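The values are calculated or read from the model by the stated rules, or taken from the named source; none is laboratory data. The structure displayed is predicted, hence computed values, not measured ones. FYI the Cβ positions are ideal-geometry reconstructions off the backbone, even for glycines, and counts take in every protein chain you see.
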Amino acid sequence: MQNNKISQQKVLQKLGIEKLNPMQEEMQTALQASNEIILLSPTGSGKTLAFLLPVLSKLNPQLRKVQALVVVPTRELAIQIEQVARNMATGCKINCVYGGRPISKDFAEIEQHPPTLLIGTPGRLADHIDRETFDIDAIETIILDEFDKSLEIGFEDEMQFICGSLQNYIKAKLLTSATEAKEIPDFVRIEKPLIVNYLNEKLKKLQLQTIYSPEKDKLQTLVNLLSNLQNQSGIIFCNFKDAIQRVSDYLEEKNIAHGVFYGGLEQKERERSLIKFRNGTHNIIVATDLAARGLDISELHFIIHYHLPLKLQEFTHRNGRTARMNAEGTAYIIQYKNEDLPEFITETFPETKEGKTVEFQEITSQQNFTTIFISGGRKDKISKGDIAGFFIKQGKLKSNEIGIIELKQDCAFVAVVKNKAKHLINRLNNTHLKKRKVRVYEI
């Protein structure tokens, strides 16, 4: 136990975390007391670290077999968990697989050297189990993260196949959700779970405010609100991708930096939108409910319901993107005066001053960073330090002109000050970073 505590402290230092929150502390004890756990905790409360710490501490990095499986509903959540697990630097090999990514990449990464921890979406994991890409006889732990979401979006058959294939090997099961659990499907074969419920600890610092739009077309009201929220980070939720395009076009006309995020986008574009949000290229995302949970983005100051969702569950998940952990946040509802609210909204929220007519302040160039792509990554033995040195020595940047560096397996993304980007690219494109000739360009 003492060794585990020392290891845990080192992990927290690497992640820049001073101490675990109460839910995470309870999970460390719960996973020692029971092999069947249901964790109910809000979006942003730290569920990923809560289960990764105890699970990774049980794995054997020297055994070249998959020993734990994390099943998630979305690609973005798979990537997020992979990144957290890698940053923990426990010595375990980590990989994630998901639809939309070339399956040849999966084979290259996991056939010859299977990971200790494998993370993936139900469809892609079921496919690999069916193909026998890796041995399953050492998998003793399965985590169904956001399991209710996987069921909602139609992955029941794939999840049933995964659980059925592993039933003779699994010794520990963990299910997580950010909402009150529905009935657990029989195929999970969970009998007497220990329930860790922190849902009531959330939203104490969330404010809900109504913005009344004088026109049925809410675009100008939205821009007025954003004008009052300058330099704060948030998500604007729409119900349909056509509405996202319309809102995005209008924001672009007003020179308001933003990204978009919805299911119809190619995976590469979705990932890049989030990367640019994280590194400060833009601080607003216009999105569907796909962004309501499972995204690796920093603390949000606000969310805006440009359209209200059709279900209470999605309303809850959207609101859960802000006022996370111990921070405060506001959820704004933009409502046309004659618009009927969904039945699940049974109370009236106060009108905020941002809803009143304001003199429009054009939001111009509030973001000082842009994002640079580099065609080399972790597999090329390139580190973040190598990239920083490359930009400073050969690119002639100062250290304070470089922002967040995100290092992937085969590429990297770097935030740099806008006014230096063009000269940087001219100096570095088609030059060598370590031993690899790299392409460098702005995205």
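List of remarks:
- Residue among ILE236, ILE244 that is among the hydrophobic types (A, V, I, L, M, F, W, C) and in contact with a Ser or Thr (Cβ under 8 Å, 6 or more places away or on another chain): ILE244
- Per the listing ASP106, ASP127, ASP137, the residue uniquely closer than 28 Å to GLY91 by Cα and touching a His at 6+ places or on another chain (Cβ under 7 Å) is ASP106.
- Some residue of region 65-81 being surrounded by fewer than 21 Cβ atoms within 10 Å (Cβ to Cβ) and either modelled with pLDDT of 95 or more or over 19 Å from LEU12 (Cα atoms) (or both): yes
- Region 291-341, subset closer than 16 Å to GLN209 by Cβ and among the polar types (S, T, N, Q), residue modelled with the lowest pLDDT: THR322
- Whichever residue in region 139-188 is surrounded by fewer than 14 Cβ atoms within 10 Å (Cβ to Cβ) and of a type in the set (D, E, K, R) and, among such residues, is nearest to GLN28 (Cα to Cα): LYS171
- Identity of the residue in region 116-132, in a loop (DSSP other than H, G, I, E, B) and surrounded by 19 or more Cβ atoms within 10 Å (Cβ to Cβ), that ends up farthest from the chain's Cα centre (by Cα): THR116
- Test for LEU63: is it in contact (Cβ under 8 Å) with a residue 60 or more places away in the chain and touching a helix residue (DSSP H, G or I) at 6+ places or on another chain (Cβ under 9 Å): no
- Of all the criteria given as (1) closer than 15 Å to PHE302 by Cα; (2) buried (at least 16 other Cβ atoms within 10 Å of the Cβ); (3) polar (S, T, N, Q), the one not satisfied by GLN230 is (2).
Each row is one residue, and each column tells you yes or no for (1) in contact with a helix residue (DSSP H, G or I) (Cβ under 7 Å, 6 or more places away or on another chain); (2) in a loop (DSSP other than H, G, I, E, B); (3) surrounded by 22 or more Cβ atoms within 10 Å (Cβ to Cβ).
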| site | (1), (2), (3) |
| --- | --- |
| SER248 | no, no, no |
| GLU252 | no, no, no |
| HIS282 | yes, yes, no |
| ILE285 | yes, no, yes |
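- Any hit, region 41-60, residues being buried (at least 17 other Cβ atoms within 10 Å of the Cβ) and more than 25 Å from TYR198 (Cα to Cα): yes
- When CYS96, CYS92 are screened for being at pLDDT 90 or above, over 19 Å from ASN197 (Cα atoms) and out of contact with any Gly (no Cβ under 9 Å at 6 or more places or on another chain), only CYS92 passes.
- Pair list, Cβ < 7 Å and 6+ apart or interchain, from region 413-425 residues that are more than 16 Å from ASN279 (Cα to Cα) to residues that are assigned to a helix (DSSP H, G or I) and aromatic (Phe, Trp, Tyr): LEU424/PHE391
The rows are residues; the columns are (1) at pLDDT below 95; (2) part of a loop (DSSP other than H, G, I, E, B).
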site: ILE372; (1), (2): no, no
site: ILE382; (1), (2): yes, yes
site: ASN400; (1), (2): yes, no
site: ILE405; (1), (2): yes, no
site: VAL414; (1), (2): no, no
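- Meets criteria (closer than 19 Å to THR316 by Cα, surrounded by fewer than 16 Cβ atoms within 10 Å (Cβ to Cβ) and modelled with pLDDT under 90) for GLU201: yes
- Across region 94-115, the number of residues qualifying as part of a loop (DSSP other than H, G, I, E, B) and free of Cβ contacts under 8 Å to residues at least 12 places away in the same chain comes to 2.
- Here ASP135 fulfils each of the conditions (1) within 22 Å of LYS65 (Cα to Cα); (2) in contact with a helix residue (DSSP H, G or I) (Cβ under 9 Å, 6 or more places away or on another chain); (3) surrounded by fewer than 16 Cβ atoms within 10 Å (Cβ to Cβ) apart from (2).
- Residues of region 417-435 classified as in a strand (DSSP E or B) and under 12 Å from ILE387 (Cα atoms), total: 2
- Unmet criterion (only one of (1) surrounded by fewer than 16 Cβ atoms within 10 Å (Cβ to Cβ); (2) in contact (Cβ under 8 Å) with a residue 24 or more places away in the chain) for VAL223: (1)
- Boolean, GLU36 is touching a residue at least 40 places away in the same chain (Cβ under 8 Å), touching a strand residue (DSSP E or B) at 6+ places or on another chain (Cβ under 9 Å) and surrounded by fewer than 21 Cβ atoms within 10 Å (Cβ to Cβ): yes
- Of the residues making up region 151-187, those that are part of a helix (DSSP H, G or I) and out of contact with any helix residue (DSSP H, G or I) (no Cβ under 6 Å at 6 or more places or on another chain) are LEU151, GLU152, GLU156, ASP157, GLY164, LEU166, ASP186.
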